[in-house]
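Chemist: Provided herewith is a single structure, encoded as C-alpha coordinates, for subsequent inquiry.
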Amino acid sequence: MGMASVILKSGREKALHRRHPWIFSGAIASVQGTPAPGETVEILAQDRRRLARGAYSPHSQITVRVWTFNPDEEISPAFFRGRLERAIASRRDLTESKDLTAVRLVHSESDGLPGLIVDRYGGFLVCQFMTAGSEYWKQEIVARIKDLVPCAGIYERSDLDVREKEGLQPCTGILAGDAPPDLVEIREGECRFLVDILHGHKTGFYLDQRDNRALAAGYARGSEVLNGFAYTGGFGVFALKGGAARVTHVESSSDALALAAKNVELNNLNADQVESVAGDVFQVLRQYRDSRREFDLIILDPPKFAESMSQIERAGRGYKDINLLAFKLLRPGGVLFTFSCSGLLAPDLFQKIVAGAALDAGRDVQIIQRLSQAPDHPTLLSFPEGSYLKGLVCRVL
(Lines give C-alpha, C1' and ligand atoms only; values in the text may rest on other atoms or scores of the structure.)
Protein backbone atom coordinates (compact mmCIF):
# COMPACT_ATOMS: atom_id res chain seq x y z
CA MET A 1 0.00 0.00 0.00
CA GLY A 2 1.60 3.25 -1.19
CA MET A 3 1.54 6.62 0.50
CA ALA A 4 -1.76 8.53 0.37
CA SER A 5 -1.72 11.68 -1.74
CA VAL A 6 -3.36 15.08 -1.83
CA ILE A 7 -4.05 16.45 -5.33
CA LEU A 8 -4.23 20.21 -5.65
CA LYS A 9 -6.66 22.19 -7.77
CA SER A 10 -5.28 23.65 -10.98
CA GLY A 11 -2.92 26.60 -10.32
CA ARG A 12 -2.97 26.12 -6.56
CA GLU A 13 0.64 24.92 -6.38
CA LYS A 14 2.00 28.50 -6.66
CA ALA A 15 2.37 28.85 -2.87
CA LEU A 16 4.39 25.61 -2.80
CA HIS A 17 6.72 26.97 -5.48
CA ARG A 18 7.31 29.93 -3.12
CA ARG A 19 8.07 27.29 -0.46
CA HIS A 20 5.18 28.28 1.78
CA PRO A 21 4.47 25.29 4.07
CA TRP A 22 0.65 25.51 4.36
CA ILE A 23 -1.99 23.96 2.11
CA PHE A 24 -5.53 25.12 2.88
CA SER A 25 -8.57 22.90 2.40
CA GLY A 26 -9.83 25.14 -0.43
CA ALA A 27 -6.73 24.39 -2.54
CA ILE A 28 -7.33 20.62 -2.54
CA ALA A 29 -9.12 18.88 -5.41
CA SER A 30 -9.07 15.37 -3.96
CA VAL A 31 -7.41 13.00 -1.50
CA GLN A 32 -6.33 9.57 -2.69
CA GLY A 33 -6.16 6.87 -0.04
CA THR A 34 -7.36 7.25 3.55
CA PRO A 35 -4.56 8.98 5.48
CA ALA A 36 -4.93 9.12 9.26
CA PRO A 37 -4.56 12.50 11.03
CA GLY A 38 -0.85 13.41 11.10
CA GLU A 39 0.15 10.79 8.55
CA THR A 40 2.55 11.76 5.78
CA VAL A 41 0.98 12.41 2.35
CA GLU A 42 2.42 13.12 -1.09
CA ILE A 43 1.39 16.53 -2.42
CA LEU A 44 0.68 16.44 -6.15
CA ALA A 45 -0.14 19.15 -8.69
CA GLN A 46 -3.28 18.76 -10.83
CA ASP A 47 -1.11 17.12 -13.55
CA ARG A 48 0.18 14.64 -10.90
CA ARG A 49 3.65 16.20 -10.63
CA ARG A 50 5.09 15.39 -7.21
CA LEU A 51 5.72 18.63 -5.30
CA ALA A 52 6.34 17.91 -1.62
CA ARG A 53 5.49 15.76 1.40
CA GLY A 54 3.53 16.91 4.40
CA ALA A 55 1.40 16.02 7.41
CA TYR A 56 -2.31 15.49 6.80
CA SER A 57 -4.77 17.20 9.16
CA PRO A 58 -8.39 16.56 8.09
CA HIS A 59 -9.93 18.64 10.93
CA SER A 60 -7.98 21.82 10.22
CA GLN A 61 -8.47 24.48 7.56
CA ILE A 62 -4.72 24.07 7.04
CA THR A 63 -5.18 20.52 5.75
CA VAL A 64 -1.53 19.82 5.00
CA ARG A 65 1.64 21.26 6.54
CA VAL A 66 4.73 20.61 4.48
CA TRP A 67 7.60 18.66 6.05
CA THR A 68 9.83 18.74 2.96
CA PHE A 69 9.80 20.30 -0.52
CA ASN A 70 11.91 17.38 -1.76
CA PRO A 71 9.27 14.86 -2.90
CA ASP A 72 11.77 12.00 -2.55
CA GLU A 73 12.80 12.73 1.06
CA GLU A 74 11.53 10.14 3.50
CA ILE A 75 9.78 11.43 6.63
CA SER A 76 11.39 9.22 9.25
CA PRO A 77 13.13 9.45 12.66
CA ALA A 78 16.32 10.36 10.75
CA PHE A 79 14.49 13.28 9.09
CA PHE A 80 13.46 14.66 12.50
CA ARG A 81 16.93 14.18 13.91
CA GLY A 82 18.38 16.22 11.02
CA ARG A 83 15.88 19.06 11.44
CA LEU A 84 16.36 19.17 15.22
CA GLU A 85 20.18 19.15 14.87
CA ARG A 86 19.99 22.06 12.43
CA ALA A 87 17.67 24.10 14.69
CA ILE A 88 19.81 23.52 17.79
CA ALA A 89 23.10 24.24 15.98
CA SER A 90 21.74 27.56 14.67
CA ARG A 91 21.29 28.78 18.26
CA ARG A 92 24.70 27.76 19.56
CA ASP A 93 25.76 31.36 20.25
CA LEU A 94 22.79 31.64 22.64
CA THR A 95 22.85 28.16 24.17
CA GLU A 96 26.56 28.42 24.98
CA SER A 97 26.26 31.82 26.68
CA LYS A 98 26.76 31.65 30.45
CA ASP A 99 24.50 34.68 30.88
CA LEU A 100 21.52 32.96 29.29
CA THR A 101 19.89 29.76 30.49
CA ALA A 102 16.49 30.01 28.74
CA VAL A 103 16.35 29.71 24.94
CA ARG A 104 13.86 28.62 22.30
CA LEU A 105 15.48 25.64 20.53
CA VAL A 106 12.78 24.96 17.91
CA HIS A 107 10.43 27.58 16.44
CA SER A 108 7.89 25.58 14.46
CA GLU A 109 7.55 26.29 10.71
CA SER A 110 10.53 28.65 10.70
CA ASP A 111 12.77 25.70 11.68
CA GLY A 112 11.12 23.35 9.20
CA LEU A 113 9.15 21.59 11.96
CA PRO A 114 5.55 22.84 11.70
CA GLY A 115 3.62 22.70 14.96
CA LEU A 116 6.61 22.01 17.21
CA ILE A 117 7.96 24.36 19.89
CA VAL A 118 10.87 23.39 22.14
CA ASP A 119 12.03 25.79 24.87
CA ARG A 120 14.90 25.26 27.30
CA TYR A 121 14.62 26.54 30.88
CA GLY A 122 17.79 25.73 32.81
CA GLY A 123 17.99 21.93 32.98
CA PHE A 124 14.45 21.34 31.66
CA LEU A 125 12.92 21.32 28.20
CA VAL A 126 9.31 22.23 27.50
CA CYS A 127 7.61 21.07 24.27
CA GLN A 128 4.39 22.04 22.56
CA PHE A 129 2.88 19.81 19.87
CA MET A 130 0.31 22.00 18.16
CA THR A 131 -0.59 20.08 15.01
CA ALA A 132 -1.70 16.62 13.92
CA GLY A 133 1.67 16.04 12.24
CA SER A 134 3.81 16.93 15.26
CA GLU A 135 1.48 14.86 17.47
CA TYR A 136 1.76 11.84 15.14
CA TRP A 137 5.56 11.88 15.43
CA LYS A 138 5.67 12.91 19.11
CA GLN A 139 7.46 9.85 20.52
CA GLU A 140 10.11 9.88 17.77
CA ILE A 141 10.65 13.63 18.18
CA VAL A 142 11.02 13.32 21.97
CA ALA A 143 13.49 10.42 21.56
CA ARG A 144 15.62 12.52 19.16
CA ILE A 145 15.51 15.58 21.44
CA LYS A 146 16.66 13.43 24.36
CA ASP A 147 19.64 12.25 22.28
CA LEU A 148 20.59 15.77 21.21
CA VAL A 149 20.03 17.90 24.33
CA PRO A 150 21.23 16.71 27.74
CA CYS A 151 18.54 17.67 30.27
CA ALA A 152 16.97 16.65 33.58
CA GLY A 153 13.54 16.25 32.06
CA ILE A 154 11.22 17.03 29.14
CA TYR A 155 7.75 18.37 29.93
CA GLU A 156 4.79 18.80 27.59
CA ARG A 157 2.61 21.94 27.56
CA SER A 158 0.29 21.16 24.65
CA ASP A 159 -2.63 22.86 26.40
CA LEU A 160 -3.31 25.31 23.58
CA ASP A 161 -6.62 26.25 21.94
CA VAL A 162 -5.04 25.71 18.52
CA ARG A 163 -5.01 21.93 19.12
CA GLU A 164 -8.80 21.94 19.03
CA LYS A 165 -8.68 23.14 15.41
CA GLU A 166 -6.50 20.09 14.69
CA GLY A 167 -8.98 17.71 16.32
CA LEU A 168 -6.62 17.15 19.28
CA GLN A 169 -7.27 17.21 23.03
CA PRO A 170 -5.12 19.38 25.34
CA CYS A 171 -2.18 17.42 26.73
CA THR A 172 0.34 18.11 29.52
CA GLY A 173 2.77 15.96 31.47
CA ILE A 174 6.23 14.44 31.70
CA LEU A 175 7.59 13.16 28.37
CA ALA A 176 11.02 12.06 29.64
CA GLY A 177 13.21 12.26 32.75
CA ASP A 178 12.21 14.05 35.93
CA ALA A 179 9.23 16.28 36.63
CA PRO A 180 10.22 19.95 36.77
CA PRO A 181 10.01 21.64 40.20
CA ASP A 182 7.19 24.13 40.82
CA LEU A 183 9.57 26.95 39.85
CA VAL A 184 12.68 26.75 37.67
CA GLU A 185 15.29 29.50 37.96
CA ILE A 186 16.66 30.98 34.73
CA ARG A 187 19.22 33.65 33.97
CA GLU A 188 18.83 36.43 31.40
CA GLY A 189 21.87 38.69 31.36
CA GLU A 190 22.14 40.33 34.77
CA CYS A 191 18.63 39.28 35.76
CA ARG A 192 17.30 36.04 37.18
CA PHE A 193 13.73 34.79 37.01
CA LEU A 194 11.61 32.03 38.48
CA VAL A 195 9.52 30.32 35.81
CA ASP A 196 6.36 28.28 36.33
CA ILE A 197 6.78 25.66 33.60
CA LEU A 198 3.76 23.67 34.80
CA HIS A 199 1.11 26.40 34.75
CA GLY A 200 2.62 29.62 33.32
CA HIS A 201 1.61 31.35 30.08
CA LYS A 202 2.86 29.72 26.87
CA THR A 203 5.73 27.46 28.04
CA GLY A 204 6.24 29.49 31.24
CA PHE A 205 7.91 32.75 30.16
CA TYR A 206 7.95 35.21 27.25
CA LEU A 207 11.33 34.30 25.78
CA ASP A 208 10.50 36.28 22.62
CA GLN A 209 10.74 39.57 24.58
CA ARG A 210 14.29 38.97 25.90
CA ASP A 211 16.06 41.65 23.85
CA ASN A 212 13.22 44.13 24.34
CA ARG A 213 13.39 43.76 28.14
CA ALA A 214 17.10 44.60 28.05
CA LEU A 215 16.41 47.56 25.73
CA ALA A 216 13.71 48.95 28.05
CA ALA A 217 16.22 48.96 30.93
CA GLY A 218 18.19 51.58 28.99
CA TYR A 219 15.21 53.97 29.10
CA ALA A 220 14.41 53.42 32.76
CA ARG A 221 17.02 55.40 34.73
CA GLY A 222 15.28 57.69 37.24
CA SER A 223 11.89 56.95 35.69
CA GLU A 224 8.47 56.19 37.04
CA VAL A 225 7.55 53.07 35.09
CA LEU A 226 4.14 51.52 34.37
CA ASN A 227 4.38 47.86 33.31
CA GLY A 228 0.96 46.93 31.89
CA PHE A 229 0.10 43.23 31.44
CA ALA A 230 3.11 42.69 33.68
CA TYR A 231 2.81 38.88 33.95
CA THR A 232 5.73 37.79 36.22
CA GLY A 233 7.47 41.17 36.07
CA GLY A 234 10.12 40.61 33.36
CA PHE A 235 10.11 44.19 32.07
CA GLY A 236 9.80 45.55 35.62
CA VAL A 237 12.85 43.68 36.91
CA PHE A 238 14.93 44.94 33.97
CA ALA A 239 13.63 48.50 34.53
CA LEU A 240 14.65 48.37 38.20
CA LYS A 241 18.08 47.01 37.24
CA GLY A 242 18.31 49.94 34.81
CA GLY A 243 17.79 52.41 37.66
CA ALA A 244 14.01 53.04 37.61
CA ALA A 245 12.81 55.11 40.57
CA ARG A 246 9.52 53.23 40.78
CA VAL A 247 7.74 50.45 38.92
CA THR A 248 3.99 49.81 38.91
CA HIS A 249 3.04 46.29 37.80
CA VAL A 250 -0.54 45.98 36.54
CA GLU A 251 -1.71 42.42 35.87
CA SER A 252 -5.04 40.59 36.08
CA SER A 253 -3.54 37.41 37.60
CA SER A 254 -2.67 37.67 41.30
CA ASP A 255 -0.60 34.44 40.96
CA ALA A 256 1.55 36.10 38.28
CA LEU A 257 1.95 39.20 40.47
CA ALA A 258 3.04 37.03 43.42
CA LEU A 259 5.72 35.50 41.19
CA ALA A 260 6.70 39.00 39.99
CA ALA A 261 7.30 39.94 43.64
CA LYS A 262 9.50 36.84 44.08
CA ASN A 263 11.46 37.86 40.96
CA VAL A 264 12.09 41.33 42.44
CA GLU A 265 13.37 39.66 45.62
CA LEU A 266 15.49 37.14 43.68
CA ASN A 267 17.38 40.03 42.04
CA ASN A 268 18.02 41.79 45.38
CA LEU A 269 15.96 44.77 44.27
CA ASN A 270 14.06 47.07 46.60
CA ALA A 271 10.45 45.84 46.95
CA ASP A 272 9.48 49.30 48.29
CA GLN A 273 10.04 50.67 44.78
CA VAL A 274 7.39 48.32 43.34
CA GLU A 275 3.63 48.74 43.41
CA SER A 276 1.58 45.67 42.39
CA VAL A 277 -1.95 46.20 41.14
CA ALA A 278 -4.18 43.18 40.43
CA GLY A 279 -6.84 44.23 37.97
CA ASP A 280 -7.99 44.73 34.40
CA VAL A 281 -5.32 46.87 32.72
CA PHE A 282 -7.89 48.88 30.73
CA GLN A 283 -9.83 49.79 33.90
CA VAL A 284 -6.73 50.53 35.98
CA LEU A 285 -5.32 52.85 33.29
CA ARG A 286 -8.67 54.68 33.11
CA GLN A 287 -8.50 55.24 36.88
CA TYR A 288 -4.95 56.59 36.51
CA ARG A 289 -6.09 58.93 33.72
CA ASP A 290 -9.00 60.19 35.83
CA SER A 291 -6.74 60.78 38.85
CA ARG A 292 -4.11 62.48 36.62
CA ARG A 293 -1.29 60.03 37.37
CA GLU A 294 1.74 60.36 35.12
CA PHE A 295 4.65 58.12 34.11
CA ASP A 296 7.96 58.50 32.28
CA LEU A 297 8.05 55.00 30.77
CA ILE A 298 5.08 52.78 29.95
CA ILE A 299 5.31 49.20 28.69
CA LEU A 300 2.26 47.52 27.13
CA ASP A 301 2.70 43.84 26.30
CA PRO A 302 -0.88 42.57 26.05
CA PRO A 303 -1.92 38.99 25.23
CA LYS A 304 -3.05 38.12 21.71
CA PHE A 305 -6.23 40.11 20.96
CA ALA A 306 -6.99 38.40 17.60
CA GLU A 307 -7.14 34.62 17.17
CA SER A 308 -8.83 34.80 13.74
CA MET A 309 -9.36 37.34 10.93
CA SER A 310 -12.95 37.89 12.12
CA GLN A 311 -11.54 39.31 15.38
CA ILE A 312 -9.16 41.85 13.77
CA GLU A 313 -11.56 44.78 14.00
CA ARG A 314 -12.33 44.13 17.68
CA ALA A 315 -8.61 43.65 18.38
CA GLY A 316 -7.88 46.96 16.67
CA ARG A 317 -10.29 48.72 19.04
CA GLY A 318 -8.54 47.11 22.02
CA TYR A 319 -5.08 48.22 20.86
CA LYS A 320 -6.38 51.73 20.12
CA ASP A 321 -7.99 52.04 23.55
CA ILE A 322 -4.98 50.83 25.54
CA ASN A 323 -2.48 52.98 23.59
CA LEU A 324 -4.72 56.05 23.84
CA LEU A 325 -4.76 55.67 27.63
CA ALA A 326 -0.98 55.22 27.69
CA PHE A 327 -0.35 58.39 25.65
CA LYS A 328 -2.57 60.33 28.08
CA LEU A 329 -0.54 59.03 31.05
CA LEU A 330 2.92 59.86 29.68
CA ARG A 331 4.78 62.99 30.70
CA PRO A 332 6.27 65.13 27.89
CA GLY A 333 9.44 63.36 26.74
CA GLY A 334 8.03 60.08 28.07
CA VAL A 335 8.53 56.79 26.24
CA LEU A 336 6.04 54.04 25.36
CA PHE A 337 7.06 50.47 24.53
CA THR A 338 3.93 49.08 22.86
CA PHE A 339 3.54 45.55 21.48
CA SER A 340 1.16 43.29 19.60
CA CYS A 341 1.70 39.53 19.46
CA SER A 342 -1.37 39.01 17.23
CA GLY A 343 0.26 37.47 14.14
CA LEU A 344 -2.82 38.28 12.03
CA LEU A 345 -2.45 42.03 12.69
CA ALA A 346 -0.11 43.45 10.03
CA PRO A 347 2.72 45.75 11.23
CA ASP A 348 1.48 48.70 9.14
CA LEU A 349 -2.02 48.34 10.60
CA PHE A 350 -0.58 48.22 14.13
CA GLN A 351 1.36 51.42 13.43
CA LYS A 352 -1.81 53.09 12.07
CA ILE A 353 -3.73 52.11 15.21
CA VAL A 354 -1.00 53.53 17.48
CA ALA A 355 -0.90 56.70 15.32
CA GLY A 356 -4.68 57.07 15.69
CA ALA A 357 -4.34 56.68 19.46
CA ALA A 358 -1.68 59.44 19.61
CA LEU A 359 -3.90 61.73 17.51
CA ASP A 360 -6.93 61.17 19.73
CA ALA A 361 -4.76 61.78 22.82
CA GLY A 362 -3.66 65.11 21.32
CA ARG A 363 0.02 64.15 21.50
CA ASP A 364 2.81 64.51 18.95
CA VAL A 365 4.69 61.23 19.02
CA GLN A 366 7.80 59.88 17.29
CA ILE A 367 8.65 56.25 16.60
CA ILE A 368 12.26 55.89 17.74
CA GLN A 369 12.62 52.12 17.29
CA ARG A 370 10.76 49.15 15.79
CA LEU A 371 10.98 45.90 17.69
CA SER A 372 10.42 42.23 16.94
CA GLN A 373 10.95 38.85 18.58
CA ALA A 374 14.33 37.59 19.83
CA PRO A 375 16.63 35.81 17.32
CA ASP A 376 15.85 32.34 18.69
CA HIS A 377 12.34 32.98 17.28
CA PRO A 378 13.44 33.40 13.63
CA THR A 379 11.15 34.01 10.65
CA LEU A 380 11.61 31.88 7.55
CA LEU A 381 11.48 34.30 4.59
CA SER A 382 9.01 32.04 2.78
CA PHE A 383 6.80 32.00 5.91
CA PRO A 384 6.16 35.64 6.91
CA GLU A 385 3.49 34.45 9.39
CA GLY A 386 6.40 33.43 11.63
CA SER A 387 6.96 37.13 12.38
CA TYR A 388 4.18 37.70 14.90
CA LEU A 389 5.63 40.07 17.54
CA LYS A 390 5.55 43.75 16.61
CA GLY A 391 6.75 46.50 18.88
CA LEU A 392 7.16 50.27 18.65
CA VAL A 393 9.22 52.47 20.94
CA CYS A 394 7.47 55.86 20.87
CA ARG A 395 8.50 59.19 22.39
CA VAL A 396 5.99 61.90 23.30
CA LEU A 397 7.34 65.31 22.22
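Chemist: Would you list Arg192, Arg213, Arg65, Arg18 from the most to the least accessible area, probe 1.4 Å?
Modeler: Ranking Arg192, Arg213, Arg65, Arg18 by accessible area, largest first, yields Arg18, Arg192, Arg65, Arg213.
Chemist: For each pair in Lys98/Lys241; Lys165/Lys202; Lys9/Lys138; Lys138/Lys202, compute the distance between the two Cα atoms and list the pairs where it is over 21 Å. Mind showing how you got there, number by number?
Modeler: Details: Lys98/Lys241 19 Å; Lys165/Lys202 18 Å; Lys9/Lys138 31 Å; Lys138/Lys202 19 Å.
Beyond 21 Å: Lys9/Lys138.
Chemist: Pulled fully out, how much extra length does the chain show between Thr34 and Ser253, if you take 0.36 nm times their separation in residues and subtract their Cα-Cα distance?
Modeler: 74.3 nm
Chemist: Report the number of Lys pairs in segment 260-397 whose alpha-carbons are under 25 Å apart, with separation of 8 or more residues or on distinct chains.
Modeler: Final tally of qualifying lysine pairs is 10.
Chemist: Over segment 1-126, with every protein chain in place, what whole percent of the accessible area is carbon and sulfur at 1.4 Å, could you tell me? Walk me through the numbers before you get to the answer.
Modeler: Numbers: 2690 of 5550 Å².
Carbon-and-sulfur percentage of accessible area, whole number: 49.
Chemist: Can you give the FRET efficiency to the nearest 0.05 for Gln273 and Glu313, using r as the Cβ-Cβ distance and R₀ = 45 Å?
Modeler: 0.70
Chemist: Find the accessible area per residue for the chain; the probe is 1.4 Å, ligands and nucleic acids are left out, and the unit is Å².
Modeler: Details: 17350 Å² over 397 residues.
Roughly 44 Å² per residue, with all protein chains present.
Chemist: Among DSSP bridges having both ends in the chain, what percentage is antiparallel? Round to the nearest 5.
Modeler: Approximately 65 percent, going by the DSSP bridge assignments.
Chemist: Can you list residues whose amide H is under 5 Å from Ala176's amide H, if they're 5+ apart or on another chain and H is modeled 1.01 Å from N?
Modeler: Ile154
Chemist: Put Ser5, Ser310 in order of accessible area, largest first, 1.4 Å probe: what do you get?
Modeler: Accessible-area ranking of Ser5, Ser310, largest first: Ser310, Ser5.
Chemist: Also, I was wondering about something else. Name the residues of segment 257-297 whose amide N is less than 14 Å from a point 7 angstrom out from the Cα of His201 along the C-beta direction?
Modeler: The answer is 257-260, 279-282, whose backbone nitrogens lie closer than 14 Å to the label point.
Chemist: Then there is this: Report, in whole Å, the centroid distance computed from the Cα atoms of segment 126-165 and segment 32-87.
Modeler: One Cα centre to the other: 18 Å.
Chemist: Once the piece of chain linking Ser10 and Gln369 is laid out straight, how much longer is it, given 0.36 nm per residue of separation minus the C-alpha distance between them?
Modeler: 124.8 nm
Chemist: Provide the FRET efficiency to the nearest 0.05 for the Gln139-Leu359 pair, computing r from the beta carbons and using R0 = 51 Å.
Modeler: 0.40
Chemist: Pick out which of Gly233, Gly112, Gly26 has the largest mean-square fluctuation in a Gaussian network model of the chain, springs linking Cα atoms closer than 10 Å.
Modeler: In the Gaussian network model the winner is Gly26.
Chemist: Select from Tyr288, Tyr219, Tyr155 the residue whose mean-square fluctuation is largest in a Gaussian network model of the chain (Cα-Cα springs shorter than 10 Å).
Modeler: Highest fluctuation among the options: Tyr288.
Chemist: Further question on the same structure: Taking 0.36 nm per residue of separation and subtracting the Cα-Cα distance, what length does fully extending Arg286 through Ala78 add?
Modeler: 69.3 nm
Chemist: Ignoring ligands, DNA and RNA, how do Arg363, Arg81 rank by accessible area with a 1.4 Å probe, largest first?
Modeler: Final ranking, largest accessible area leading: Arg81, Arg363.
The values are calculated or read from the model by the stated rules, or taken from the named source; none is laboratory data. Since the model is a prediction, treat every value here as computed from it, not as a measurement. Here the Cβ is made from the backbone with ideal geometry for all residues, glycine too, and neighbour counts use every protein chain on show. Surface areas here come from the heavy atoms of the whole protein model, side chains and all, with no ligands, DNA or RNA. Shrake-Rupley method; radii C 1.70, N 1.55, O 1.52, S 1.80 Å.
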